[in-house]
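Working notes, beginning with the structure itself.
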Amino acid sequence: MRIVAGSRKGHRIDAPKGTATRPTSDRVRENAFNLIGPVDDATVIDLFAGSGAMGLEALSRGAARAVFVESSRDACRTINANLDKLRLDATVLCADVARTLATEGHAYDLVLLDPPYDFAGHDRIAPHLPRILAEDGLLVYETGARTLPEIEGLQTRTSRKYGSARITLFAH
């Protein structure tokens, strides 16, 4: 995998070993950021971060600050290694996403949400998402292509399929 654009364009990033993590492909990331638009000076939270590819892409494209939340220790080590390799600074929380969201007090300009496609805890995280999304922010939700997510309190801005993935953007 490579960073698609920005100050770290073309730099390789690693994904955790094994099949437990499904990194967002370069093509899907590029299309997602085409939909998102400029992220200059944005504050970003990458939930179910995995390799950190989406949040790293945002930092490369000019985001001011990023927080990565991931429960897998191997994935957290990979995110930290990718941050070191790219010489980027961010916070990595190796913690359960639902518990982190329940106590999160900050609002973010860009919320990146990429749970496992078979994730059964949508009802545990969805109520917290409108609260952590800044008033003029965007939430980017990656799901399987057949899933069309809904989040009470947020409006669907657009939803697009890319192979086996779907990117849905939400706003207030």
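Kindly establish whether G55 is at pLDDT 95 or above, closer than 22 Å to A32 by Cα and touching a Pro at 6+ places or on another chain (Cβ under 8 Å).
So G55 does not fit the description; no.
Go through the stretch 57-96 residue by residue and tally those that are small (G, A, S), free of Cβ contacts under 8 Å to residues at least 40 places away in the same chain and closer than 16 Å to T21 by Cα. Write out each step before concluding.
Start the filter on the stretch 57-96 by keeping residues that are small (G, A, S), which leaves 58, 60, 62-64, 66, 71-72, 75, 81, 90, 95.
Narrowing the set further to residues that are free of Cβ contacts under 8 Å to residues at least 40 places away in the same chain leaves 64, 66, 71, 90, 95.
Filter once more, so that each one left must be closer than 16 Å to T21 by Cα: 71, 95.
Of the residues in the stretch 57-96, 2 are small (G, A, S), free of Cβ contacts under 8 Å to residues at least 40 places away in the same chain and closer than 16 Å to T21 by Cα.
Tally time: how many residues in the stretch 127-156 are basic (K, R) and touching a residue at least 60 places away in the same chain (Cβ under 8 Å)? Quick ask: steps written out before the conclusion?
From the stretch 127-156, those basic (K, R) are 131, 146; that's our starting set.
Cutting the leftovers down to touching a residue at least 60 places away in the same chain (Cβ under 8 Å) gives us none.
Matching residues across the stretch 127-156 total 0.
Going through L93, L88 one at a time, which residue ends up being of a type in the set (A, V, I, L, M) and either surrounded by 24 or more Cβ atoms within 10 Å (Cβ to Cβ) or more than 25 Å from H122 (Cβ to Cβ) (or both)?
Selected residue: L88, the only one of L93, L88 that is of a type in the set (A, V, I, L, M) and either surrounded by 24 or more Cβ atoms within 10 Å (Cβ to Cβ) or more than 25 Å from H122 (Cβ to Cβ) (or both).
In contact with a His (Cβ under 7 Å, 6 or more places away or on another chain), modelled with pLDDT of 95 or more and buried (at least 21 other Cβ atoms within 10 Å of the Cβ): which single residue out of I3, I13 fits that description? Show your work before the answer.
Working: I13 fails: in contact with a His (Cβ under 7 Å, 6 or more places away or on another chain).
Every option except I3 fails the conditions.
Identify the residue in the stretch 134-152 that is within 19 Å of T43 (Cβ to Cβ) and more than 12 Å from the chain's Cα centre (by Cα) and, among all such residues, is surrounded by the most Cβ atoms within 10 Å (Cβ to Cβ). Lay out the reasoning, then the answer.
Initially, the stretch 134-152 is screened for residues within 19 Å of T43 (Cβ to Cβ), giving 134-141.
When the remaining residues are screened for being more than 12 Å from the chain's Cα centre (by Cα), the result is 134-137.
Details: A134: 16, E135: 8, D136: 8, G137: 19.
Only one residue tops the list, namely G137.
Can you tell me which residue within the stretch 100-128, out of those that are surrounded by 15 or more Cβ atoms within 10 Å (Cβ to Cβ) and under 13 Å from the mean Cα position of the chain (by Cα), is farthest from H172 (Cα to Cα)?
P115
Quick check on this structure: which one of A95, A15, A66, A90 is closer than 26 Å to G163 by Cα and of a type outside the set (S, T, N, Q)?
Unique residue meeting the criteria: A15.
Taking E142, is it modelled with pLDDT of 95 or more, among the acidic types (D, E) and touching an Asp or Glu at 6+ places or on another chain (Cβ under 8 Å)? Step through it out loud before you land on a result.
Working: modelled with pLDDT of 95 or more: yes; among the acidic types (D, E): yes; touching an Asp or Glu at 6+ places or on another chain (Cβ under 8 Å): yes.
Judged against the criteria, E142 is a match.
Taking the stretch 18-52, which residues are among the charged types (D, E, K, R), closer than 15 Å to P115 by Cβ and at pLDDT 95 or above?
Passing the criteria: only D46.
When the stretch 16-59 is examined, which residues are found to be surrounded by 22 or more Cβ atoms within 10 Å (Cβ to Cβ), touching a Gly at 6+ places or on another chain (Cβ under 9 Å) and small (G, A, S)?
A49, A58
Evaluate the stretch 133-143: report whether one residue or more is farther than 20 Å from A98 by Cβ and among the polar types (S, T, N, Q).
Scanning the stretch 133-143 turns up no residue that is farther than 20 Å from A98 by Cβ and among the polar types (S, T, N, Q).
What are the pairs, 6+ residues apart or on separate chains, where a residue within the stretch 100-126 that is modelled with pLDDT of 95 or more has its Cβ under 7 Å from a residue that is in a loop (DSSP other than H, G, I, E, B) and surrounded by fewer than 16 Cβ atoms within 10 Å (Cβ to Cβ)?
Qualifying pairs under 7 Å: A126/E152.
The values are calculated or read from the model by the stated rules, or taken from the named source; none is laboratory data. Worth saying up front: this structure is predicted, and the values here are computed from it rather than measured. A quick note on method: Cβ atoms are made from the backbone with ideal geometry, for glycine too, and the neighbour counts reach across all protein chains shown.
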